[in-house]
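Novice: First, the structure itself, so that you have it in front of you.
The values are calculated or read from the model by the stated rules, or taken from the named source; none is laboratory data. Since this is a predicted model, take the numbers as computed values, not measurements. Cβ placement follows ideal geometry from the backbone for every residue including glycine, while neighbour counts extend to all protein chains displayed. Accessible surface is based on the protein model in full, side chains and every heavy atom, while ligands, DNA and RNA are left aside. Shrake-Rupley method; radii C 1.70, N 1.55, O 1.52, S 1.80 Å.
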Amino acid sequence: QVQLVESGGGLVQPGGSLSLSCVVSRSGFRVRNLGWYRQASGKQRELVATATSDGTTNYAESVKGRFTLSRGNGGDTATLLMNTLKPEDTGVYYCYADARRPFTSEYRDFWGQGTQVTVSS
């Protein structure tokens, strides 16, 4: 199985910064995409940013230029640096990975437990 353990988050004023970290325990699985989604109250979960195993990143338009995703430790950590935060960035942030067992082709989705980010004055 793949376990995703998140840390970071909290309360920050508009214009401030926060960092989220996700550590992957993958028991032999091969992780392809690793990154973050978020869900605001009453809304659907949406992509924030993901990075492939070769480091290619994909960002939501709403966070481009403000958020930076980096993947480290051999691809087993994902750090999201969030700058110039806005109230609309408020939500529960979930670490996400898709991974497969060795010698198989089927990828499965895995999620962390979520961490709250609140941007408010």
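Novice: Solvent-accessible area per residue for the chain at a 1.4 Å probe radius, Å²?
Specialist: 53
Novice: Moving to a separate point now. Based only on Cα atoms, what Rg/Rh ratio does the range 38-110 have, Rh being taken as Kirkwood's radius?
Specialist: 1.00
Novice: Please compute the modelled spin-label separation between Gln44 and Tyr107, points set 7 Å along Cα→Cβ, answer in nm with one decimal.
Specialist: So the label points at Tyr107 and Gln44 sit 1.9 nm apart.
Novice: Could you work out the relative contact order of the chain? I mean the mean sequence separation of Cα pairs under 8 Å and 6+ apart, divided by the number of residues, in percent.
Specialist: 36
Novice: Moving on. Given all pairs of different Cα atoms, what value in angstroms does the Kirkwood hydrodynamic radius of the range 1-64 take?
Specialist: So the Kirkwood estimate lands at 13.7 Å.
Novice: Quote to one decimal, in nm, the extra length available between Lys86 and Arg32 on full extension: 0.36 nm per residue of separation minus the C-alpha distance between them.
Specialist: That pair, Lys86 and Arg32, stretches by 16.5 nm at full extension.
Novice: Using a 1.4 Å probe over the heavy atoms of the protein chains, calculate the carbon and sulfur portion of the accessible area of the chain as a whole percent.
Specialist: Here carbon and sulfur together make up 45 percent of the probe-accessible area.
Novice: Specify whether the C-alpha gyration tensor of the range 72-121 places it in the rounded, prolate or oblate class, a ≥ b ≥ c being the square roots of the eigenvalues: rounded for a/c under 1.5, otherwise prolate if a/b is larger than b/c and oblate if not.
Specialist: prolate
Novice: If you take the charge dipole of the chain about its Cα centre, with +1 on Lys and Arg Cβ and -1 on Asp and Glu Cβ, which of Val63, Gln113, Ser41 is farthest toward its positive end?
Specialist: Gln113
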